[in-house]
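Derivation of every value follows stated rules applied to the coordinates shown; laboratory data play no part. Owing to the predicted nature of the structure, the values given are computational and were not obtained by experimental measurement. Quick reminder, even Gly has a Cβ in these numbers, built from the backbone with ideal geometry, and neighbours come from all protein chains shown.
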Amino acid sequence: MKKLVSIYVLLIPLFFTSVCYGEGVIRIGLLQEPKTLNIWNATDTWSSKVLSLLYPTLFLRDPDTLELVPFLAEEHPKLNFEEKSYTLRLRDLKWSDGTPFTAEDLLFTGETILKYKIPNFYNRWDLVKKIEAVDKRTVKFYLNELSPLFESRTLFSPVVQKKEWEPVIKGLEGSGEPLKVLMNHKVKSPVAIGPFVVSEVKEGAYIFLKKNPHFPKDWDNRYRGPHVNGIIFKIFGTTDTAILELKKGGLDYIWWNLPEGYLEDLSKEKGLKIYSSEKNALYFLGFNLKKAPMNDLAFRKAVAYLIDKEFIVKRLLQEKGIVMDSPISSFNTKWYCTNISLYGKGMSREERIRRAYETLKEAGYSWKVYPVGEENTQRKGKGLMDPRGEEIKRITILVPPADYDPVRAMAGTMIQEWLQEMGIDVTVKPMPFNAMMDQVKSRKEFDMVIMGYGNLTLDPDYLRRFFESEAGGHKGDNITGYSSQSFDQLARASSGCMDPEERRKIVCQMQKILSEELPIIPLYNPHVIEVVREDKFTGWVKTLGGVGNLWSFFNLKPAKNK
């Protein structure tokens, strides 16, 4: 699909939905157009949002407890320790074309992913040695080694219809680049197993999903929908145009995180409700450990003392978020541990400067103008020199531009000022996001960077992916170049530990090591801020990550007083 935003969106009359598609159709704004309806290539946020309503996963997270809930699966899998296998029973469902959902569909999906090592899916299935269909609705997974990651990764996999995709796969035979051909395959109307199915696509303007007539209404005791007849996704280019349409009544929900600056105005509008929800995210300052002085732990500790995370959350997030002291958020109580090193927590600005100064001085650093003088008087330092007596060259902090992420951009400016107080020559460099990712992740050419992961799994295995030595290569997720034999051993042990209590102890040790060696400084975890028209639709389900979730789309009903 083209990456153009049509002005046609802004000219759609307010009666568009009811006239063309009937009553009970909810209108949702997307910031950008989904790049594809091909599930294998849907790596962008907007494609993923739309396709999540067509391809729900085998299991979901309960919106309240966040525990595993069977969805495409009928019940929790049965584990056989001796065989290293899981047996899974599938729900009695039908695809949107009316054909039965069977074990062959799941078998075909897994074998396709494993054979072609499809990006974004292979890491959910690489634990699986082989799959077999026991009967029409029962599948058996044989694992290479038992791992708790099977439940948090493989069971959160979507399933495609064998009937739809088998001819496509057969067409790859003889292709020189089968994966590329598969990823670029054009899909106009996917055969869906979820509550909705694609009805119409107007490139650059909207996507219309209608209710899947073959989806059962009584699969869950609490959420028996969907009750809406369809969803129309309108494509916008800016938050301003979407807000204007929302106020006019042409939108019912904006499906992206709203900047703080819009909230005061929106709170005065009748019929609107603002939701603030926790999300499992991590925003951090990362160091390039291959370069000096970032490779010096004393320097990294001094930086950690100087950064006032509480101030960032209070001023930049307006307290709509939490401070991060570990790469695992404190609300993820199952895995977050408190036996970690903290730097500067509760200290005044003067105390932070004093502690950073002492840390650097003890490590052999000196200054042309010392930031702390006689009788502990403080002034702006100049000319920080390393233990060899050589002045430290200018350090650059990469950040995304303010129009992409104003909080990260402003956090960079704040950190720059705090480090300059210590006599560290540092500057902030905004960089287009894709260019920044290329420089940081692909080429590993940076000093420091403020990055964010906005949608982490609750399972802490991402610690291994972000910090294991083997992940430090080209395009690897270990952007800092961190390498620790003790951490690597713990990371491998964690991924294979089937005892939850023992695994928690291992994960706590991993967090402790990271807090002591500081390859990154965790900064904050912002809330998701969303706005809906509750005078049009009610029944939004607030859970981790916001109200834009499958539970909401089951539960939503047209408001009686509209």
* Find out how many positive minus negative residues lie around I397, taking Lys and Arg as positive, Asp and Glu as negative, among other residues whose Cβ is under 9 Å from that of I397. => 0
* Report the net charge of residues surrounding P178, where surrounding means a beta-carbon distance below 12 angstrom and charges are Lys +1, Arg +1, Asp -1, Glu -1. => +2
* Structure fact -> Expected vector for the range 371-379, Karplus 3J(HN,Hα) from phi with 6.51, -1.76, 1.60 and θ = phi - 60°, integer Hz, x for Gly and Pro, equals x, 10, x, 4, 6, 6, 5, 10, 8
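When T457, T543 are ordered from fewest to most other Cβ atoms inside 10 Å of their Cβ, what list results?
T457, T543
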* Long-range HN-HN contacts of A192 with modeled amide H, under 5 Å -> S96, D97
* Find which of N525, S348, P406 sits farthest along the positive direction of the dipole of the chain, computed with +1 on the beta-carbon of Lys and Arg, -1 on that of Asp and Glu, about the Cα centre. => P406
* Using the Cα centre as the reference, give the magnitude of the dipole from point charges on the C-beta atoms of the range 53-125 (Lys, Arg: +1; Asp, Glu: -1; all else neutral), rounded to the nearest 20 debye. => 300
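Below 8 Å between Cα atoms, with a sequence gap of 6+, how large is the relative contact order for the chain in percent?
18
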* Listed highest first by mean packing, meaning other Cβ atoms within 10 Å per residue, what order do 87-93, 250-256, 27-33, 132-138 come in? -> 250-256, 27-33, 87-93, 132-138
* If Lys and Arg each add +1 and Asp and Glu each add -1, what is the summed charge of the other residues whose beta carbon sits under 15 Å from the beta carbon of E362? -> +2
* To do: May I ask which residue of L72, P119, T138 lies farthest towards the positive end of the charge dipole of the range 59-166, with charges of +1 (Lys, Arg) and -1 (Asp, Glu) on Cβ and the Cα centre as origin?
  => P119
* Structure fact -> For the chain, whose charge dipole is built from +1 on Lys and Arg Cβ atoms and -1 on Asp and Glu Cβ atoms, the candidate among T102, V428, G286 with its Cα farthest towards the positive end is T102
* Could you please rank I113, I231, I169, placing first whichever residue has the fewest other Cβ atoms within 10 Å of its Cβ? => I169, I113, I231
* In a Debye calculation with equal point scatterers on the alpha-carbon sites of the range 59-166 and no solvent, what is log10 I(q)/I(0) at q = 0.17, 0.23 Å⁻¹? -> -0.80, -1.43
* Nearest-20 debye value, the chain charge dipole, Cβ charges on Lys, Arg, Asp, Glu -> 1000
* **Additional length obtainable on full extension of the chain from K170 to Y404, 0.36 nm per residue less Cα span** => 80.1 nm
* Asked: Applying the Karplus parametrisation 6.51 cos²θ - 1.76 cosθ + 1.60 with θ = phi - 60° to the phi angles of the range 135-151, what ³J(HN,Hα) value in whole Hz is obtained for each residue in order, glycine and proline being reported as x?
  -> 8, 5, 10, 10, 10, 10, 9, 9, 9, 4, 9, 5, 8, x, 6, 4, 6
* **Net dipole in debye of the range 282-526 [+1 Lys, Arg Cβ; -1 Asp, Glu Cβ; about Cα centre; nearest 20]** => 260
* Structure fact -> Inter-part gap, Cα centre of the range 375-398 to Cα centre of the range 282-344, in whole angstrom, is 21
* Can you list which of the GluC sites (Glu not before Pro) found in the range 28-108 are DSSP loop residues with at most 16 other C-beta atoms within 10 Å? => E67, E74, E75, E82, E83
* At most 10 other Cβ atoms within 10 Å and a DSSP loop assignment: could you name the trypsin sites (Lys or Arg not before Pro) in the range 186-292 that fit? => K186, K188, K268, K270
* Asked: Of H474, H227, how do they rank once you tally other Cβ atoms within 10 Å and put the fewest first?
  -> H474, H227
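Check each of the trypsin sites (Lys or Arg not before Pro) in the range 345-409 and keep only those in coil by DSSP with at most 16 other C-beta atoms within 10 angstrom; list them in order. List each step's numbers first, then the result.
Numbers: sites: K345, R349, R352, R354, R355, K361, K368, R379, K380, K382, R388, K393, R394, R408; in loops: K345, R379, K380, R388, K393, R394.
Taking the range 345-409 and a limit of 16 other Cβ atoms within 10 Å, the loop trypsin sites (Lys or Arg not before Pro) found are K345, R379, K380, R388, K393, R394.
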